[in-house]
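Heads up, the thing below is written out as structure tokens.
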Number of protein chains: 2
Amino acid sequence: MTTLAKTPKPPYYCVIFTSRLSNDTEGYAAMGTRMEALATTQAGFLGIESAREELGITVSYWQSLEAIKAWKQNAEHIEAQQMGKARWYSEFAIRISKVERDYFM
Amino acid sequence: MTTLAKTPKPPYYCVIFTSRLSNDTEGYAAMGTRMEALATTQAGFLGIESAREELGITVSYWQSLEAIKAWKQNAEHIEAQQMGKARWYSEFAIRISKVERDYFM
């Protein structure tokens, strides 16, 4: 998405997903688009922000840790995670974080 | 930086800075490079990851909220913040977050 996420007053949670792609990216872009659309339909979803240069960074925002866990366990998302590990990513990091304060301009 | 941040075992803190640029970006890239280099010299700094497409996302990692506060109040960083608000950004969000769990591949 191309706008900043409009999140509610903290506290809420986020998943910071940072990655580097492998040389095998066939199907990656389409899956990314699909997963972003699917995420927006999940209970507790608050927003998502993405950018990629050499590193890819996607931050998704959630009402609770339970919402994050349910998204992690979504069947279609599990397939995407498996494809990502097996083919698309050379490395990644996932950080589950609690947003305590925020400021906007 | 072009590698994923090598952070210690949680908990630790991060600043998620997301932004959109204005049409006036003169001096922005050089300042970004300078601020990233300066951040790495601060007490409690753990790592930084950045990417920009339509959105820019920079996540910096810190040992403590005190380290984040000290960085926010760094004199040279304050100048950069003022330039950013006055000229370079059309909008931004800053989220101070506590990383509770992480996973790496």
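FYI, it's all coordinate maths here, none of it is from the lab. Remember, predicted model here, so these are calculated numbers, not experimental data. Methodologically, a virtual Cβ is constructed for each residue, glycine included, from the backbone with ideal geometry; neighbour enumeration extends over all protein chains shown.
A few comments on the model shown:
- Label point of B:S90 set 7 angstrom out along Cα-Cβ; within the stretch B:26-61, amide nitrogens under 14 Å from it belong to B:53-56.
- Hydrodynamic radius of the protein assembly as shown per Kirkwood, over alpha carbon pairs, in Å: 17.6 Å
- Counting only Cα atoms, chain B measures 40, 30, 21 Å along its principal axes, largest extent leading.
- Along the axis of the charge dipole computed for chain A (Cβ charges of +1 for Lys and Arg, -1 for Asp and Glu, origin at the Cα centre), the listed residues A:I68, A:T3, A:T58 are led at the positive end by A:I68.
- Lysine pair count for chain A [Cα-Cα under 20 Å; pairs on different chains or 8 or more apart]: 6
- The loop-placed GluC sites (Glu not before Pro) in chain A, going by DSSP, that have at most 16 neighbouring Cβ atoms within 10 Å of their Cβ come out as A:E26, A:E53, A:E54.
- Chain B: relative contact order in percent, alpha carbon pairs under 8 Å with at least 6 residues between: 46 percent
- Dipole magnitude (debye, nearest 20) for the protein assembly as shown, charges at Cβ of Lys, Arg, Asp, Glu: 600 debye
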